[in-house]
1. Taking a ≥ b ≥ c as the square roots of the eigenvalues of the Cα gyration tensor of the stretch 8-77, is the shape rounded (a/c under 1.5), prolate (a/b larger than b/c) or oblate?
2. Take the chain, mark every one of the trypsin sites (Lys or Arg not before Pro) that falls in a DSSP loop and has at most 11 other Cβ within 10 Å, then report the longest stretch left between them, sites excluded.
3. Helix 155-167 versus the longest principal axis of the chain: what angle, 0 to 90°, nearest 10, using Cα atoms?
4. With +1 on each Lys and Arg Cβ and -1 on each Asp and Glu Cβ, how big is the dipole of the stretch 84-195 about its Cα centre, in debye rounded to the nearest 20?
5. Return, for the Cα atoms of the stretch 84-195, the radius of gyration and Dmax in Å, separated by a comma.
6. Would you calculate the volume per residue, in Å³, of the smallest convex hull containing every Cα atom of the chain?
7. Measuring from label point to label point, each 7 Å out along Cα→Cβ, what is the LEU126 to GLN144 span in nm?
8. Past 26 Å, Cα to Cα: identify those pairs from LYS31/LYS75; LYS8/LYS75; LYS76/LYS160; LYS75/LYS138; LYS12/LYS209; LYS29/LYS76, in the order given.
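Derivation of every value follows stated rules applied to the coordinates shown; laboratory data play no part. These numbers were taken from a predicted model, which means no experiment stands behind them. Methodologically, a virtual Cβ is constructed for each residue, glycine included, from the backbone with ideal geometry; neighbour enumeration extends over all protein chains shown.
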Amino acid sequence: MEKIKIPKATAKRLPLYYRYLLILNEEGKDKVSSTELSEAVQVDSASIRRDFSYFGALGKRGYGYDVKNLLTFFKKILNQDTLTNVALIGVGNLGRALLNYNFKRSNNIRISCAFDINKKITGRILSGVPVYDMDDLKQQLSDQQITIAILTVPSTAAQKTTDEMVDAGVKGIMNFTPIRLSAPADVRIQNVDLATELQTLIYFLDSDKEN
Ligand SMILES: NC(=O)c1ccc[n+]([C@@H]2O[C@H](COP(=O)([O-])OP(=O)(O)OC[C@H]3O[C@@H](n4cnc5c(N)ncnc54)[C@H](O)[C@@H]3O)[C@@H](O)[C@H]2O)c1
């Protein structure tokens with residue numbers, strides 16, 4: 001499939017659209033208007049129309065969008081036809097919670113291997129996922145062709161493990177540690193920070209009160 005260059009903000013909204021379209025499809029709905037989509041995913045309809053315009057004329061004026069067509073299209077663009085295997089580094093409190101969470105139910109993502117340095121857990125299978133020693137990182141990632149990893153090690157080990165992951169060919173890191181990692185430019189890092197998200201929420205609630 002031809003790669004379409006789309007703005008980052010649009011790319012972020014794609015999974016939202018996809019999830020809602022799945023629901024509509026399950027309900028047996030054939031078409032959806034941008035207004036209906038807008039209410040469901042909480043994105044203004046002008047943005048929705050603009051987002052969809054990047055993918056060509058998918059909608060017809062006065063008719064709305066064809067749900068099945070859109071689904072087929074998003075499936076391809078989001079790679080939902082293929083299962084993506086990811087690795088988890090650091091099987092502590094947070095790591096175990098993520099292992100327990102079955103990503104596959106809503107997305108085609110699966111944590112297929114985990115790594116740790118703690119000999120008490122390496123060599124075991126937790127929540128159906130084998131936990132390997134960090135010494136096996138390079139070999140396992142290469143064997144399983146994994147280029148995406150979730151990082152849940154203590155902050156003191158964050159940069160060291162990042163260097164190891166980069167050396168093992170990782171190109172995308174979901175970073176749960178509070179450390180701002182340094183990595184080569186071709187490695188994408190997505191930082192996840194509950195505290196910041198909560199602070200944003202508090203900020204919005206406070207400013208709602210003022211208005
Ligand atoms: N982003 C968030 O919202 C959020 C929330 C909670 C925790 N965190 C962060 O997530 C990280 C993990 O937190 P936790 O509570 O699960 O910690 P934890 O101590 O329970 O688990 C860390 C695990 O990493 C392993 N580990 C240590 N050094 C390692 C290394 N060099 N290589 C591989 N594995 C190694 C440990 O053996 C342990 O199993 C911390 O950095 C914490 O600050 C982030």
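1. Judged from the Cα gyration tensor, the stretch 8-77 comes out rounded (a/c under 1.5).
2. Answer - 121-179.
3. Once rounded, the angle reads 80 degrees.
4. 420
5. That works out to 12.8, 36 Å for Rg and Dmax.
6. Once divided by residue count, the hull of the chain is 162 Å³.
7. So the label points at LEU126 and GLN144 sit 1.4 nm apart.
8. Beyond 26 Å: LYS76/LYS160; LYS75/LYS138; LYS12/LYS209.
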